[in-house]
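Chemist: This is the structure I have questions about; it appears just below.
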Amino acid sequence: MSARKIIIDTDPGQDDAVAILLALASPELEVLGITAVAGNVPLPLTQKNARIVCELAGRPDMRVFAGCDTPLKRKLVTAEHVHGKTGLDGSVLPDPVMGLQDQHGVDFIIETLRAQASETVTLCPLGPLTNIATAFERAPDIIGRVQEIVLMGGAYFEVGNITPAAEFNIYVDPDAAKIVFGSGIPITVMPLDVTHKALTTQARVDAFRAMGSEVGRMVAEWTDFFERFDKEKYGSAGAPLHDPCVIAHLLDPGLFSGRHVNVEIETMSDLTLGMTVADWWRVSGRAPNTMFMGDVNADGFFNLLTERLARL
Ligand code: RIB
Ligand code: CA
């Protein structure tokens, strides 16, 4: 069976980094390219971090593109308080040697979707949806050519993490999210409702470190750093490992469960800007547009992640 073609759109971020490593360690996936977007940290850092992670994975051949440096309409909000100043705090890695592609990330997304057979490419956004929405606005013809969008973002029963109502990726660019969720493309969402059940407990971090590899050490250091903020905030036994849930779903969808519901994005209210209004009980009469995940087999997820990372 041929590998599933994906484009990873990302704002590394330690959890993005682990997701990229998981994808590059998995032969079931063909990563056509990685497009960086401004999010956790500004674009110059997210594109640099994406290249650092590719080199850590032994993939200096991977094409990394810089995309949009600001949201569609709003001022960029970043998350150095979570990810540190570099976006990959917790580890000290050398600057990347591999180059950044000259082409803009949005143009790469458009060109790739036009060149590949229709409905054979899955988009995997792990950050704000600015690049994806910009591509759809600039080239509406590509919308019908996307196989599926599997993204990390949103929250409903778990409520928000950057405001009481909104999850960070959606909050940073709610206008972009509105475009993506309104595109009609099959969407699977990994919201905080499910990622908050994928916690980096000490035993799981120890398993990363026990790999004895540079990758295992890096992932352990990143999660040790990344989790300090969430453990204090939530009093949980570890940090939610958000973005790797997207890649794990591609590899083993049976790890996750959820419900196909309507999800709309709040773009007007200052109080609830960026909220993903999930019609879980189907009371709105609005057509379902999203597979909204709510549960994960956490042990199965971490077993898959650890087994795959050990291959690098
Ligand atoms: O809210 C969690 C999301 O925001 C994750 O994708 C994390 O990397 C940040 O981008
Ligand atoms: Ca991210």
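Chemist: Only one of these conditions is not met by Val189: (1) under 18 Å from the mean Cα position of the chain (by Cα); (2) closer than 27 Å to Leu24 by Cβ; (3) surrounded by fewer than 21 Cβ atoms within 10 Å (Cβ to Cβ). Which number is it?
Modeler: If we test Val189 against (1) under 18 Å from the mean Cα position of the chain (by Cα); (2) closer than 27 Å to Leu24 by Cβ; (3) surrounded by fewer than 21 Cβ atoms within 10 Å (Cβ to Cβ), just (3) comes out false.
Chemist: Let me ask something else about it. Considering only region 71-86, state which residues are of a type in the set (Ser, Thr, Tyr) and within 14 Å of ligand 2 (Cβ to nearest atom).
Modeler: Thr78, the sole residue that qualifies.
Chemist: Evaluate the following for Glu148: is it among the charged types (D, E, K, R) and open to solvent by less than 40 Å² (accessible area, probe 1.4 Å)?
Modeler: So Glu148 fits the description; yes.
Chemist: If you don't mind, another one. Confirm whether Ile52 is within 14 Å of ligand 1 (Cβ to nearest atom) and either in a strand (DSSP E or B) or closer than 18 Å to Trp222 by Cα (or both).
Modeler: Judged against the criteria, Ile52 is not a match.
Chemist: Determine whether region 283-301 contains at least one residue that is part of a loop (DSSP other than H, G, I, E, B) and either surrounded by 22 or more Cβ atoms within 10 Å (Cβ to Cβ) or touching a Ser or Thr at 6+ places or on another chain (Cβ under 6 Å) (or both).
Modeler: no
Chemist: Restricting the search to region 19-30, which residues are closer than 14 Å to Asp243 by Cβ and open to solvent by 10 Å² or more (accessible area, probe 1.4 Å)?
Modeler: Scanning region 19-30 gives a single hit, Leu24.
Chemist: Now a separate question. Out of the residues in region 155-171 meeting the condition of being more than 8 Å from ligand 1 (Cβ to nearest atom) and part of a helix (DSSP H, G or I), tell me which one is surrounded by the fewest Cβ atoms within 10 Å (Cβ to Cβ).
Modeler: Among residues in region 155-171 that are more than 8 Å from ligand 1 (Cβ to nearest atom) and part of a helix (DSSP H, G or I), the one surrounded by the fewest Cβ atoms within 10 Å (Cβ to Cβ) is Tyr171.
Chemist: Still on this structure: Name every residue in region 107-138 that is in contact with a strand residue (DSSP E or B) (Cβ under 8 Å, 6 or more places away or on another chain) and under 18 Å from Leu76 (Cα atoms), in order of residue number.
Modeler: Pro125, Leu126, Gly127, Leu129, Asn131, Ile132
Chemist: Among the residues of region 216-239, which ones are buried (at least 22 other Cβ atoms within 10 Å of the Cβ), modelled with pLDDT of 90 or more and out of contact with any Phe, Trp or Tyr (no Cβ under 8 Å at 6 or more places or on another chain)?
Modeler: If the condition is that a residue be buried (at least 22 other Cβ atoms within 10 Å of the Cβ), modelled with pLDDT of 90 or more and out of contact with any Phe, Trp or Tyr (no Cβ under 8 Å at 6 or more places or on another chain), then Met218, Trp222 are the ones that fit.
Chemist: Scan region 70-78 and tell me whether some residue there is within 15 Å of ligand 1 (Cβ to nearest atom) and of a type in the set (Val, Ile, Thr).
Modeler: So far as region 70-78 goes, yes, one or more of its residues are within 15 Å of ligand 1 (Cβ to nearest atom) and of a type in the set (Val, Ile, Thr).
Chemist: Residue by residue through region 31-49, note down the ones that are open to solvent by 10 Å² or more (accessible area, probe 1.4 Å), within 15 Å of ligand 1 (Cβ to nearest atom) and of a type in the set (A, V, I, L, M).
Modeler: Leu43, Leu45
Chemist: Which of the residues spanning region 172-186 are within 13 Å of ligand 1 (Cβ to nearest atom) and open to solvent by 20 Å² or more (accessible area, probe 1.4 Å)?
Modeler: Hits for region 172-186: nothing passes.
Chemist: Of all residues in region 9-30, which are hydrophobic (A, V, I, L, M, F, W, C) and within 16 Å of ligand 1 (Cβ to nearest atom)?
Modeler: Listed by number, the residues that qualify are Ala17, Val18, Ala19, Ile20, Leu21, Leu22, Ala23.
Chemist: Just to be sure before I move on: is Ala133 surrounded by 19 or more Cβ atoms within 10 Å (Cβ to Cβ), away from ligand 1 (no atom under 15 Å from the Cβ) and within 30 Å of Arg282 (Cα to Cα) in the structure I sent?
Modeler: Answer is yes for this residue.
Chemist: Mind checking which pairs have a first residue in region 146-159 that is within 9 Å of Val121 (Cα to Cα) and in contact (Cβ under 8 Å) with a residue 12 or more places away in the chain and a second that is open to solvent by 10 Å² or more (accessible area, probe 1.4 Å) and among the charged types (D, E, K, R), Cβ under 9 Å, 6 or more apart or different chains?
Modeler: Pairs found: Val146/Glu119; Gln147/Arg4; Gln147/Lys5; Gln147/Glu119; Glu148/Glu119.
Chemist: Something else about it: Which is within 22 Å of Leu309 (Cβ to Cβ), buried (at least 24 other Cβ atoms within 10 Å of the Cβ) and within 15 Å of ligand 2 (Cβ to nearest atom), of Asp89, Asp16?
Modeler: Asp16
Chemist: Among the residues of region 261-275, is there at least one that is without any contact (Cβ under 8 Å) to a residue 40 or more places away in the chain, open to solvent by 70 Å² or more (accessible area, probe 1.4 Å) and assigned to a helix (DSSP H, G or I)?
Modeler: Scanning region 261-275 turns up no residue that is without any contact (Cβ under 8 Å) to a residue 40 or more places away in the chain, open to solvent by 70 Å² or more (accessible area, probe 1.4 Å) and assigned to a helix (DSSP H, G or I).
The values are calculated or read from the model by the stated rules, or taken from the named source; none is laboratory data. Since this is a predicted model, take the numbers as computed values, not measurements. When we count neighbours, we look across all protein chains shown, and the Cβ atoms used for this are built from the backbone with ideal geometry, even at glycine. Note: accessible area is taken over every heavy atom of the protein model, side chains too, but ligands, DNA and RNA are not part of it. Shrake-Rupley method; radii C 1.70, N 1.55, O 1.52, S 1.80 Å.
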